[in-house]
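Data first, discussion second: the structure below is written as structure tokens.
The values are calculated or read from the model by the stated rules, or taken from the named source; none is laboratory data. Everything numeric in this text was worked out from a predicted model, so none of it was measured. With ideal geometry, Cβ positions are generated from the backbone for all residues, glycine too; neighbour counts draw on all protein chains shown.
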Amino acid sequence: MNNEKNTDMKAKLSKLLKDDKIKKLIIVLCIGGIALIFLSTFFGGAAGSKQDSQQSAAEGQVCTNLSDYKKTLETDLKNIISKIDGVGAADIFLTLDSGSENVYAVNKKQNTTAGESKDDESIDAQYCSLRKSDGSESGMLLKIIEPDVRGVLVVCDGGDSSTIKERVLEAVTKALNISSARVCVTKSSQ
């Protein structure tokens, strides 16, 4: 019974393949399938490169330059200090130590060899890198260390009152985690 079904199927298949319209349809479907595979690869690659460029842009936003970081700190501090009772209008000036520092992933391998007089140690370090879909490589960024605040000058309307000075001083030192020796609070000239 299985033999009859196989021969019957083979007969029907050979009859279909002899028809020119069916052959053309099969060829067109195969070419269409191959074209779809190539198109999906092409558009998939473009989407991948868009994702890479978006990721690079996001990394660029995280790695702000020094002046943007400084302006952000000054603006945030000004907004908070201006809300303290009695301060009035305030202006902030910050100084920073240096630029931000990027910390990259490193594979470290420590080799110790025993010598006659003392042990010799060597450390092999190799940076980890990420390969993007476009073939480019970049270091594996672990964290960004922002620069330390060197000093803060606060000029405000209520800067002549010792109570207001103390409140502002405490707010700035706590917010930035710096000593009070690095903060100056004074009255504005207006």
Legend entry - Selection count where residues are at pLDDT 85 or above, assigned to a strand (DSSP E or B) and of a type in the set (D, E, K, R), scope segment 127-165: 1
Legend entry - Per-region count, segment 160-187, residues farther than 17 Å from residue 79 by Cβ, within 40 Å of the chain's Cα centre (by Cα) and among the small types (Gly, Ala, Ser): 3
Legend entry - Hits in segment 90-112 - residues which are at pLDDT below 90 and closer than 30 Å to residue 187 by Cα: 95, 96, 97, 98
Inset, instruction - Collect the residues in segment 59-84 that are assigned to a loop (DSSP other than H, G, I, E, B), modelled with pLDDT of 90 or more and either exposed (fewer than 11 other Cβ atoms within 10 Å of the Cβ) or of a type in the set (Ser, Thr, Tyr) (or both), keeping them in residue-number order. - result: 82, 83
